[in-house]
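Asker: Just passing along the structure, written as structure tokens.
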Amino acid sequence: MAKTVADVMTPNPISVAPDTVLKDAIQLMADNHVGGLPVINADNHLVGILSESDLMWQTTGVDMPAYIMLLDSVIYLKNPTQYNQELHKALGQLVKDVMTDHVVTIAPDKSLREAAHLMHDKQVRRLPVVDADKVVGILTRGDIVREMANSYA
């Protein structure tokens, strides 16, 4: 019988609130050896995810977008909106300032195969598992690899 997401996920994952101070969230990730945290509001609804990628802006900073001057006009060679988003993440002090708010999720009754396809297609490392708008678990690429290893044993 094919395994479902619920069979392999980590139930009740460690999470943070949007107003959590960023340094506290970073410490939580480091102490628990996790690469991402679901961001959950007071109603226990998923509002984002904080990942290692989101935190990289804190260290790397943001480069000014390249531009050219033409007849006293500035023409940006990179989207200025993207620059503003990157700058916001680089300067953010709360989880909500740097989290990704468009989160790919999966239901616990979906097959592990569907989850693997979704992770591959959307290029995500982790999927919050959501049932009735509540986070019930998290599934990572590592979980899938461990399950593959168990199936060979």
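Asker: Can you work out which of the residues in the range 2-37 that are of a type in the set (A, V, I, L, M, F, W, C) and within 13 Å of ASP109 (Cα to Cα) is surrounded by the fewest Cβ atoms within 10 Å (Cβ to Cβ)?
Answerer: ALA2
Asker: Working carefully through the options THR59, THR81, find the one that is closer than 21 Å to ALA30 by Cβ, at pLDDT below 85 and either out of contact with any Lys or Arg (no Cβ under 9 Å at 6 or more places or on another chain) or surrounded by fewer than 16 Cβ atoms within 10 Å (Cβ to Cβ) (or both).
Answerer: Criteria check complete, one pass: THR59.
Asker: Let me ask you something else. Could you run through the range 105-121 and say how many residues are assigned to a loop (DSSP other than H, G, I, E, B) and open to solvent by 40 Å² or more (accessible area, probe 1.4 Å)?
Answerer: Matching residues across the range 105-121 total 3.
Asker: Go over the candidates VAL135, VAL124, VAL129 one by one and state the one that is assigned to a loop (DSSP other than H, G, I, E, B) and open to solvent by less than 40 Å² (accessible area, probe 1.4 Å).
Answerer: VAL124
Asker: Working only within the range 1-52, note down all residues that are part of a loop (DSSP other than H, G, I, E, B) and in contact with a Lys or Arg (Cβ under 6 Å, 6 or more places away or on another chain).
Answerer: As a first pass, look at the range 1-52 and keep what is part of a loop (DSSP other than H, G, I, E, B): 1-3, 9, 12-15, 17-20, 33-35, 41-45.
Of everything in the range 1-52, those that are part of a loop (DSSP other than H, G, I, E, B) and in contact with a Lys or Arg (Cβ under 6 Å, 6 or more places away or on another chain) turn out to be PRO18, ASN44.
The values are calculated or read from the model by the stated rules, or taken from the named source; none is laboratory data. All of these numbers come straight from a predicted model, not from anything done at the bench. Neighbour counts run over all protein chains shown; Cβ positions are idealised from the backbone, glycine included. All accessible areas refer to the heavy atoms of the entire protein, side chains included, with ligands and DNA or RNA removed. Shrake-Rupley method; radii C 1.70, N 1.55, O 1.52, S 1.80 Å.
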